[in-house]
Every structure is written in C-alpha cells, then in structure tokens.
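These notes concern the structure reproduced below.
Each reported figure results from applying straightforward, stated rules to the coordinates on display, with no laboratory input. Bear in mind that the values here come from a model prediction, so they are computed numbers and not experimental data. All Cβ positions, glycine included, derive from the backbone under ideal geometry; neighbour counts span all protein chains shown.
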Amino acid sequence: MNQTNRRHFLRTATAGVMAAGLNPNFSIAQEEGRKKPNIVILFIDDLGYGDIACFGNPRIPTPHIDSLATRGAKCTMSYITNPPCCPSRCSLMTGMYAQRFGKSGMARGLPIPENHPTMGEFMRDAGYTTGQIGKWDIGDNTQGPHQRGFTEVAKNAPGNQYDRENEDGSYAYLTDLDGDYMAEFVNQNATRTTSSGQPKPFFLYFSPFAVHSNVKNTPQHYRDRIPGGNGTAYEGAVVAVDDAVGKLLAQLKKHDLENDTLIFFTGDNGANRSHGGSSEPYRGGKGRDTQQEGWVHTPTIVTWPGVIPAGVTYEGKTATIDFYATMAAAIGKPLPDRCDGVNLLPYLKGEKQGDAHEYIFWHNADPTDEPRRNLYAVRWKDWRMVKGLYYWQLYDLKKDPKEMNDLARKHPDVVKHLRERYNEFVNTLPPLKPSVNYKGGGQVPKGWGWHYSKG
C-alpha cells in the first residue's frame, strides 16, 4: 500500500484522533488526580443491539449490565468495523481496521501483525497484569492469548459449546464457569503490588462464548427469570451473561475498586435473529441479514465513575477500534502509530461534541469467503450507504432505522460524496489475503485453572 496515501487519508478522515486531546506523557487518571485505572473489556459474542434492557429489550432483565449504563455512558451509535467474530476480535485487539493487514473476510488463521502490539502486549508493557477469559479466535496457531501479551489466561475446560466439565467430573455451564474465572481474577489481583510497593493495576479481556448461535442447554433457572415465564434458551443465556457481569461488579465493590476501574461493554457483531437475538430498532444481523445495519451496530457502554459522568448517552459514531486509543489515553501511554481509533473520553465527558469518527467504513471484499459476509458500506452523519447486488443504496437511519426507503436516486450528491470517500479509504489498504489460504488460529490453553506466562 502506498504509505503516502494512507497518511493523507488518516489526516483528513480521522483528524479527530489528534483533536481528542491525547497527551502521551499525562494520563487522564493523573489529570483527575487518580491512580491509573484497572481496565476491563466485556466483549459478548453475537449480542444484538436490542438484547439488553437498557437498550430497549422489554423481556430480558439485565440489572448488572444496566447498572454500568446508569453509572457511565451509553453509546448508541457504536460499531464493529470488521464483522463477524474473528475479524471483529482482531480489529478490537489491534485497534485498527483489520483490512490494514489484509483481513478482508473471515480469514481465520491469518496472523495478526508481529510488529504491532496487541492490547495485551501494550498493557503488559505499561506495567499491568493482563488477563484473558473465554473465546480468543485471533491470529494464527502461534498467536494464542498467552503468546500475545496476556500473562494470566483462563484455561478452556473440556466439553461441547456451553456444556463443560469441571475437574472433578461434574457438569459446568460455560457462562457460569467464565463468570467465576472473572471473579477469581479480580480477587487475586485486587491487592497485588509492584516491587516498590505500589498498587499493580490489571487489564482484563473477558470474551465469553455466550451468547453465540445455537444456544440450547441454558439452565432452566435462567429461563425462569424472564418475567411472565416461557423464557427461551437465548433469553436465559443473556441473563446468565448479566449474572457473570454481576460477579465482576461484586468483586470490584468488595475491594473498593469501583471508582478505579474503566469498563467497556459491547458485542463482537450483531444478533443472530433466527436464534432469538434482537437488533431492534434496526434490521439485520448475523446469518442471512448481513447487509443491514443490525450486523455491525452493537450496544456499547463505557463506565469510569468520577471521570465519565453517570447516566449520559453519547449519540456520536464510535467503534470498537476506539477502545485501544481510549485505554492509552487513560494511562498516559502514546498510541501505536498504526492504530485507527479515537480517544473517546473527551466525547463521553462532554468536552467535545459530535462524532468521534466522521466516517466509518466496511470493506469485506474477500472473494473466497461466504458471499453473505461480503459487505461494502459507509456511515456519515445520518446516512448509511451500502452496496447491493447491482448498485449503491442509501438510507437515512435517523428517519428510517429499518432501511426500508432507498434514497439513492433522490440524493445522488450524497452517493457521489460517499463513494469518493469510500474509494479513498480502499486505496489506503494493502491487497487482501484470501480466507481460503488460511485455517486454524490462536488457541486458549486447554484444561482447568490458569495458564501463567510472561505473555
């Protein structure tokens, strides 16, 4: 890729990165007179925009997740840039569009760059204890979490999907097991100190298998908590995720860490509606509806009591690639050069207005991937432009969230403008690396307990 083109594009399309106020030598924590925060990312599999109560679900009680929104910021225009699961996770973990290293489709097994730090490596090198729990699905078979920056990794217990086995042979529901690991990680790291006696902060990446498609054997007691009865396996699985979040919050409260912890909550891609997930008020999602908004629009909450105001709603456009940049700002570390993300804190604190990203692009163009995963789209202002079978379509998401009224013919000027910006973005990318050439991927160590390493 012509690096001059990429530098020019980044100066114009993502100028907000520099405007966000990141001083690499002075953290947000220092600015607020606080110690460096613990940081937790809760990255839920296949969670739809309409699957939790604080984002409008009328049936599923999610009090613990809702409490994050009550104490922090609810981001209502938040996106993943590289659906589905594997590329979405690679983008999150590297803080960049995965197309920057050729991942323009599933391409499971394609290595992530060795010359660019993952979140785990970045936080480890900043002096943090780094933990990972749950699904990884990143990089090649030499790039498991314990090999790319995570010093404490919860092992993958034997079993099938949600049905797992404890070390004594008893049954374990995977989401419960993951939640217990999360509580254990916080408990064992809450009072850890450095060699000089200073508190040693932690970074935890919690990425459970839940609520991935084909949810079946959800314990009945979770289904029974759906008001009115008749709770589905999917609804109960969301309740179980909320309970896992509750275990985290209980440990933070026990150790008086609630105000010293920055938490991000979101999903890896939109809901699988055919399996019970909800994208309301949008259409689309995982599976057959991937060309619509619901596949890439996820519910996002960011909480840091005392820094981010409580109970605010941020309606500007954000993406999961912003988590890396926000973490860097929070701890006062320079953001790696290749990151595409923006520090969200000035926006969430009300110091800056408008969109964190003026444009967000999707370019899933791998000809060897499943055709339903190919996606060409742009978001700008209230507009969403997406390429159909034969032509570009244009929708006003504010007035038409279900994308029922194509306005491309009425607004050819908008289509022209967005096609030009889209082409500029594509011209910054290297040649794609076809999915057919890759297989496997990074793996979590198997067994019970924790895998400890230098990361």
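General observations
- Here the peptides 315-328, 177-190, 403-416 are ranked by packing, the mean other Cβ count within 10 Å, and the order with the highest first is 315-328, 177-190, 403-416.
- Per-residue HN-Hα couplings for segment 274-281 [Karplus 6.51, -1.76, 1.60; θ = phi - 60°; Hz; x = Gly/Pro]: 5, 10, x, x, 10, 10, 3, x
- Reduced Cα scattering model of segment 284-378, Debye log10 I(q)/I(0), q = 0.11, 0.17, 0.18 Å⁻¹: -0.42, -0.86, -0.93
- Taking other Cβ atoms within 10 Å as a rough exposure proxy, TRP450, TRP136 sort from fewest to most as TRP450, TRP136.
- Here segment 72-160 is treated as an ellipsoid with the same Cα gyration tensor; its semi-axes, largest first and in whole Å, are 20, 17, 16.
- Sorting SER104, SER207 from the fewest to the most surrounding beta carbons within 10 angstrom yields SER207, SER104.
- Alpha carbon Rg of segment 258-316, scaled by the compact-globule rule 2.2 N^0.38 Å: 1.40
- Computed from phi, the 3J(HN,Hα) profile of segment 388-404 under the Karplus parametrisation 6.51, -1.76, 1.60 (θ = phi - 60°) reads x, 5, 10, 7, 6, 10, 10, 10, 9, 5, 5, 8, 9, x, 8, 6, 9 Hz, with x in place of Gly and Pro.
- Extension gain, ASP406 back to GLU370 (0.36 nm per residue minus Cα-Cα distance, nm): 10.4 nm
- What you get for segment 22-357, charging only the Cβ of Lys and Arg (+1) and of Asp and Glu (-1), is a dipole of about 380 debye around the Cα centre.
- For segment 143-298, the gyration tensor built on C-alpha atoms gives a prolate shape. Its axis ratio a/c (a ≥ b ≥ c) is at least 1.5, and a/b is the larger of a/b and b/c.
- Taking segment 177-213 and a reference point 7 angstrom along Cα→Cβ of LYS35, the backbone N atoms nearer than 11 Å belong to 190-194, 197-202.
- For the chain, the mean projected area of the C-alpha convex hull, equal to one quarter of the hull surface, is 20.8 nm².
- Once the Cα-Cα distance is subtracted from the 0.36 nm per residue extended length, the ASN230 to LYS439 segment shows a gain of 71.2 nm.
- Value of [θ]222 nm, deg cm²/dmol, for the chain, DSSP H segments ≥ 4, -39500 (n - 2.57) each, nearest 500: -7500 deg cm²/dmol
- The alpha-carbon positions of segment 143-216 define a convex hull whose volume is 119 Å³ per residue.
- Per the Debye formula on identical point scatterers at the alpha carbon atoms of segment 366-444, with no solvent, log10 I(q)/I(0) at q = 0.14, 0.16, 0.19, 0.23 Å⁻¹ is -0.60, -0.72, -0.89, -1.10.
- With θ taken as phi - 60° and the Karplus curve 6.51 cos²θ - 1.76 cosθ + 1.60 applied, the whole-hertz 3J(HN,Hα) list for segment 284-291 is x, x, 5, x, 8, 10, 7, 7 Hz, x standing for glycine and proline.
- Less than 5 angstrom separates the built amide H of ILE44 from those of THR266, GLY267, ASP268, all sequence-distant by 5 or more or on a different chain.
- Among the listed pairs LYS381/LYS416; LYS74/LYS103; LYS317/LYS433; LYS74/LYS135; LYS74/LYS286; LYS74/LYS216, those whose Cα-Cα separation exceeds 20 Å are LYS74/LYS103; LYS317/LYS433; LYS74/LYS135; LYS74/LYS286; LYS74/LYS216.
- Near GLN393, the amide H atoms lying under 5 Å from its own belong to VAL386, LYS387, GLY388; only residues 5 or more places off or on other chains count, and H is placed 1.01 Å from N.
- Peptide ranges 141-151, 368-378 listed from the most packed, as the mean C-beta count within 10 angstrom indicates: 141-151, 368-378
- Near the amide H of THR318, within less than 5 Å, lie the amide hydrogens of MET77, SER78, TYR79, all on another chain or at least 5 residues away, with H placed in the peptide plane.
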